[in-house]
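Single-structure report; data block below.
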Amino acid sequence: MATENGFTGEYRHQVDDKGRLAIPSKMRARLAGTFHVAQWLDTCLAILPESEWDAIAAKVAALPMTDPRTRALERRLFGRAVEAELDRQGRILLPQNLREVAGLEGEVVIVGLRNRVEIWSRERWDAQLAVLDDDAAFAGLVNGIGI
């Protein structure tokens, strides 16, 4: 779902044999117009609305190009990213190279995470949930981040 505070919710959908993925109807309004699909952290893809994409791009642009970490970040984030729009049926086309990177085929999980939507292979998401649903492991994971 897309709320005033961002995207929320977990949805399971199928990537069809042409690489199209239906975006949950509750997320579509916030994705109206152009947005970006990019390789993200933890071996998933991210859908970023134009405003979020621009904010990240501005932060990266302010980093020193002479730093190899900056160049690695640019290559990973921008090198495979694509501009996208929803088609009339509320689907996006995921390029083959991005589907391969994230292991997306068949059933995938679409997760709303505040300022972005992540797309996960079902297997990788289930592995994430194993940690997130283990109270002790989760407490250790978020310990010290200031929440």
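Things worth noting here:
- Segments classed as strands (runs of 3 or more DSSP E), wholly inside the range 69-147, with at least 1 members that are farther than 25 Å from ALA57 by Cβ: 91-93, 106-113, 116-121
- Residue within the range 44-54 that is part of a loop (DSSP other than H, G, I, E, B) and over 13 Å from the mean Cα position of the chain (by Cα) present: no
- Selection within the range 71-105 - exposed (fewer than 13 other Cβ atoms within 10 Å of the Cβ) and not acidic (Asp, Glu): ALA72, ARG75, GLY79, ARG88, GLN89, GLN96, ASN97
- Only one of the numbered conditions (1) under 29 Å from LEU132 (Cα atoms); (2) exposed (fewer than 13 other Cβ atoms within 10 Å of the Cβ); (3) of a type in the set (Ser, Thr, Tyr) is violated by THR66, and that is (1).
- Test: LEU21 is more than 18 Å from GLU100 (Cα to Cα), at pLDDT 95 or above and surrounded by 12 or more Cβ atoms within 10 Å (Cβ to Cβ): no
- The set of residues in the range 72-98 that are in contact with a Ser or Thr (Cβ under 8 Å, 6 or more places away or on another chain) and not aliphatic (A, V, I, L, M) comprises GLU83, GLU85, GLY90.
The values are calculated or read from the model by the stated rules, or taken from the named source; none is laboratory data. Quick caveat, the model's predicted, so the values are computed rather than measured. Here Cβ is always computed from backbone atoms with ideal geometry, including for glycine, and neighbour counts include all displayed protein chains.
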